[in-house]
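The values are calculated or read from the model by the stated rules, or taken from the named source; none is laboratory data. On a predicted model such as this, the values are computed, not experimentally measured, just so you know. FYI the Cβ positions are ideal-geometry reconstructions off the backbone, even for glycines, and counts take in every protein chain you see.
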Amino acid sequence: MTTEVERPDPKVLKVWLWENGLSYALLAVPIAAGTVFAVTRGANPLWLFGTLALPGLYLLTAITLRLEWKSWTFRLTPDTLEMSHGWLFRKRRVVARDRIQHLDVTSGPFDRRFGLVHVVVHTAGATVGKIPGLKPERAERLREELLGP
Amino acid sequence: MIVAFLPKLAEALRAVLPVFAISLFGGRNGGDRTELIVPLLGVLGGFGAIGAYVTTRFEVADAQIVHRSGWIMRRDRRIPLAQIQNVNLRQGLLERLLKVVTVEVETAAGKGAELRLSVLSEPEAERLRVELMAEAAHPHEATRDEDVYRMTTADLWLGAVTEHHAVAFLFSALPFLGGARLLAATAFWSHLPLLARIVVGGLAAILGLAAGWTFGAVQYVLRYGGFTVRREPGTTRVVYGLLTKVQVAIRPARIEYALVTSTPWQRLVGREALSVGTAGAFGDQGRIAKLALMMPRAATPAALAAVLPGLDLGRLAWRPFPTRYPLVILARGVLGLLFTSALAALFYQARGVPLRWIFVVLPFVVLGSTIDRLAGARKAAYAVDEGFLAVRQGFFRRRTEFMPMARLEVVMLEQAPWWRRGDYFSLVSKAMVHAVGLPIVPGSAAREIERTVEDAARRRRESAVLLPD
């Protein structure tokens, strides 16, 4: 039985970057369109530089995502599952293994692109947390370890 | 069949009454009477109830309750008896006259009762309850039923008067507030000279408060009259209510949370209240069932030990919260105050929103609870041992929470950057439904709680072969 501290796959960082990049891009379209519209209507053309704030924000997000990935660990002990993450606010969860009701293995389009899944842990009362960036084999093994006989 | 119809009709009428009251006092005189649709729906619902009653069948078989219902869309629901958290028997006034009972079966799933069987005869309901809870009975337990706690009449009236009825009063006054009458009254009031304004306003406030308090007290007596706790094999039964009679059957083994509260008035007469929670709900009481409303303080340890076996109040080693606990309360209070004030300012300007004054009350509620916590910070404490987690907070309204480690499922810790150096955490320990929160604990205590949960899990694993749960 493994009790070593495990981490999400490094590729999950790319998944997160893509996911965030997409949402930033979607956000950028209406903002850019609005700015261009305003400038054609006689607003100060300097406003166009404001659109540049978005790539800057994205860069900042990328840095925090990297910190977030670095801070993510989980550990399966004989009786509990421990998860901890968070670089600014550190969060840590400990679940008694026999209280886990079921696990969901899910993957978004970007997860699939990089061959990863994430595992959502449920107890009777609550969704305890989501372990991101697992290889499907590891997720399957985790499921067996946690819910197997 | 008519028996099935009547309670439903009464239910529909009850649902309609507030609508009538609001339309009556809301100043919509000579309107289009669209509100008449509601009682019509009620009557239709009554006929629907007959249909449901005729087509419903249930039985207890193979350690399951099987419930088949529906006419066009058929439904077959089976609940294993082991999953049942509590069983509530409810009898409205009309149901009592007709000698029928509504049985609610509660599991940990979802909100509200998972199964509602209405219009059962009294002996039938009683038999069903015993059958449903039979699984929980252990052969080695005492088989004799006994009354554990019976609220005295003096305590009932004491409780009725000392309970604060502000909320009950506000809700009872809702139909009268915000309507044309209130507008007319305030218009009249604002035309008075200053002195008269103060006198009239003050009198109105005192009268309103007295009326509200009396209303709340009477409601309390009607609701909780005859409050008795009985212990039976495998279950604890709580019976109360003068008009609507409610019986809540709890499996002590399922209790995951206990709460002892006391208000200053209660302490003045040496009383405390005890409530418990399982993963199921308790009808209109929600997630927490009251086990004792006005219990002599001396009886608390024994009562607690009865609901949470193994809990010895005298043996708990209480530890004070870290010294920066007041700072935490203050920070949270200020944040909460800012948020609710912003909300109040926002909604108070939106003229069209009904009940906008509720948002004005919110900051005062936050302020009150912050002051209460701050005053109680010095006395606030927590205790951890292999059996239980306990937290004591509050000054005016004191509350002590208990959670058995065996029922704990998740420990959630959070550490803000400014708590790194001192190694402090905020902690929430969750059972199936209930949670006990520690706003700030030293890392050592947090790790201790984690270890205790791990130990409890290990003990369960090692004894799993002997005692399947």
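Going by what's in this entry, would A:E82 be described as modelled with pLDDT of 90 or more, charged (D, E, K, R) and over 30 Å from B:S463 (Cβ atoms)?
In short, no.
Can you tell which of A:G129, A:G133, A:G125 is away from chain B (no Cβ under 14 Å) and among the small types (G, A, S)? Show your work before the answer.
On the way: A:G129 fails: away from chain B (no Cβ under 14 Å); A:G125 fails: away from chain B (no Cβ under 14 Å).
Just one listed residue meets the conditions, A:G133.
Of the residues that sit in the range B:164-198 and are in contact with a Phe, Trp or Tyr (Cβ under 8 Å, 6 or more places away or on another chain) and closer than 30 Å to B:M294 by Cβ, which one is modelled with the highest pLDDT?
Looking at residues that are in contact with a Phe, Trp or Tyr (Cβ under 8 Å, 6 or more places away or on another chain) and closer than 30 Å to B:M294 by Cβ, I get B:H165.
Looking at B:V161, B:V130, which one is modelled with pLDDT of 75 or more and over 17 Å from B:W265 (Cβ atoms)? Reasoning before the result, please.
Working: B:V161 fails: over 17 Å from B:W265 (Cβ atoms).
Result: B:V130 is the single residue among B:V161, B:V130 that is modelled with pLDDT of 75 or more and over 17 Å from B:W265 (Cβ atoms).
Looking only at the range A:115-149, how many residues end up being within 28 Å of B:V428 (Cβ to Cβ) and either outside any strand (DSSP E or B) or not aliphatic (A, V, I, L, M) (or both)?
17
Taking only the range B:421-469 into account, find how many residues are within 8 Å of chain A (Cβ to nearest Cβ) and out of contact with any helix residue (DSSP H, G or I) (no Cβ under 9 Å at 6 or more places or on another chain).
Count: 5.
Counting residues that are without any contact (Cβ under 8 Å) to a residue 24 or more places away in the chain and of a type outside the set (A, V, I, L, M, F, W, C), which strands (runs of 3 or more DSSP E) fully inside the range B:85-130 reach at least 2?
Values: elements: B:86-91, B:100-106, B:115-121.
The strands (runs of 3 or more DSSP E) meeting that bar are B:115-121.
Sort through B:L330, B:L389, B:L362, B:L374 and tell me the only one that's more than 30 Å from A:T127 (Cβ to Cβ), surrounded by 13 or more Cβ atoms within 10 Å (Cβ to Cβ) and within 27 Å of the chain's Cα centre (by Cα). Spell out the reasoning first.
On the way: B:L330 fails: within 27 Å of the chain's Cα centre (by Cα); B:L389 fails: more than 30 Å from A:T127 (Cβ to Cβ); B:L362 fails: more than 30 Å from A:T127 (Cβ to Cβ).
From the options B:L330, B:L389, B:L362, B:L374, the qualifying one is B:L374.
Suppose we filter B:R287, B:R319, B:R297, B:R315 for residues that are out of contact with any strand residue (DSSP E or B) (no Cβ under 7 Å at 6 or more places or on another chain) and surrounded by fewer than 20 Cβ atoms within 10 Å (Cβ to Cβ); which single one remains? First the steps, then the outcome.
Numbers: B:R287 fails: out of contact with any strand residue (DSSP E or B) (no Cβ under 7 Å at 6 or more places or on another chain); B:R319 fails: out of contact with any strand residue (DSSP E or B) (no Cβ under 7 Å at 6 or more places or on another chain); B:R297 fails: out of contact with any strand residue (DSSP E or B) (no Cβ under 7 Å at 6 or more places or on another chain).
Within the list B:R287, B:R319, B:R297, B:R315, the selection yields B:R315.
Suppose the filter is surrounded by 13 or more Cβ atoms within 10 Å (Cβ to Cβ) and away from chain B (no Cβ under 12 Å); does A:F49 pass it? I'd like the intermediate steps shown before the answer.
Numbers: surrounded by 13 or more Cβ atoms within 10 Å (Cβ to Cβ): no; away from chain B (no Cβ under 12 Å): yes.
Here the answer is no, as A:F49 does not meet what is asked.
Given the criteria on the phi < 0 side of the Ramachandran plot and in contact (Cβ under 8 Å) with a residue 60 or more places away in the chain, does B:V433 qualify?
Numbers: on the phi < 0 side of the Ramachandran plot: yes; in contact (Cβ under 8 Å) with a residue 60 or more places away in the chain: yes.
Yes; evaluated as a whole, the condition is true for this residue.
Quick check on my filter: what residues within the range A:68-110 are within 12 Å of chain B (Cβ to nearest Cβ), of a type outside the set (G, A, S) and within 22 Å of B:P417 (Cβ to Cβ)?
A:E82, A:M83, A:H85, A:W87, A:L88, A:F89, A:R90, A:K91, A:R92, A:R93, A:V94
Does A:L54 count as in contact (Cβ under 8 Å) with a residue 24 or more places away in the chain and surrounded by fewer than 17 Cβ atoms within 10 Å (Cβ to Cβ)? Explain how you work it out, then say what you get.
Values: in contact (Cβ under 8 Å) with a residue 24 or more places away in the chain: yes; surrounded by fewer than 17 Cβ atoms within 10 Å (Cβ to Cβ): yes.
Considered against the rule, which asks whether it is in contact (Cβ under 8 Å) with a residue 24 or more places away in the chain and surrounded by fewer than 17 Cβ atoms within 10 Å (Cβ to Cβ), A:L54 comes out as yes.
Those residues that are within 17 Å of B:S444 (Cα to Cα) and either acidic (D, E) or out of contact with any Pro (no Cβ under 9 Å at 6 or more places or on another chain) (or both), I need them from the range B:376-390; list them, please.
Answer for the range B:376-390, where residues must be within 17 Å of B:S444 (Cα to Cα) and either acidic (D, E) or out of contact with any Pro (no Cβ under 9 Å at 6 or more places or on another chain) (or both): B:A383, B:V384, B:D385, B:E386, B:A390.
Mind checking which strands (runs of 3 or more DSSP E) fall wholly inside the range B:257-331 and carry at least 3 residues that are closer than 15 Å to B:T236 by Cα?
Details: elements: B:257-262, B:271-277, B:289-296.
Because the criterion is at least 3 residues that are closer than 15 Å to B:T236 by Cα, the strands (runs of 3 or more DSSP E) in the range B:257-331 that meet it are B:271-277, B:289-296.
Hey, could you check the range B:262-284 for residues that are surrounded by fewer than 22 Cβ atoms within 10 Å (Cβ to Cβ) and touching a Leu at 6+ places or on another chain (Cβ under 8 Å) and say which is farthest from B:G310 (Cα to Cα)?
Once the filter is applied, the top-ranked residue is B:V269.
Going through the range A:39-81 one residue at a time, which ones are charged (D, E, K, R), more than 30 Å from B:E409 (Cβ to Cβ) and within 20 Å of the chain's Cα centre (by Cα)? Can you show your working first?
Applying the first criterion (charged (D, E, K, R)) to the range A:39-81 yields A:41, A:66, A:68, A:70, A:75, A:79.
Still in the running and more than 30 Å from B:E409 (Cβ to Cβ): A:41, A:66.
Residue satisfying the conditions is A:R66 alone.
Just for the range B:409-420: of the residues that are hydrophobic (A, V, I, L, M, F, W, C) and more than 7 Å from chain A (Cβ to nearest Cβ), which one is farthest from B:S262 (Cα to Cα)? Before you say what the answer is, go through the steps one by one.
Looking only at the range B:409-420, we keep the residues that are hydrophobic (A, V, I, L, M, F, W, C), and these are B:410-413, B:416, B:418-419.
Next, from what is left, pick out any that are more than 7 Å from chain A (Cβ to nearest Cβ): B:418-419.
Numbers: B:W418: 34, B:W419: 32 Å.
Only one residue tops the list, namely B:W418.
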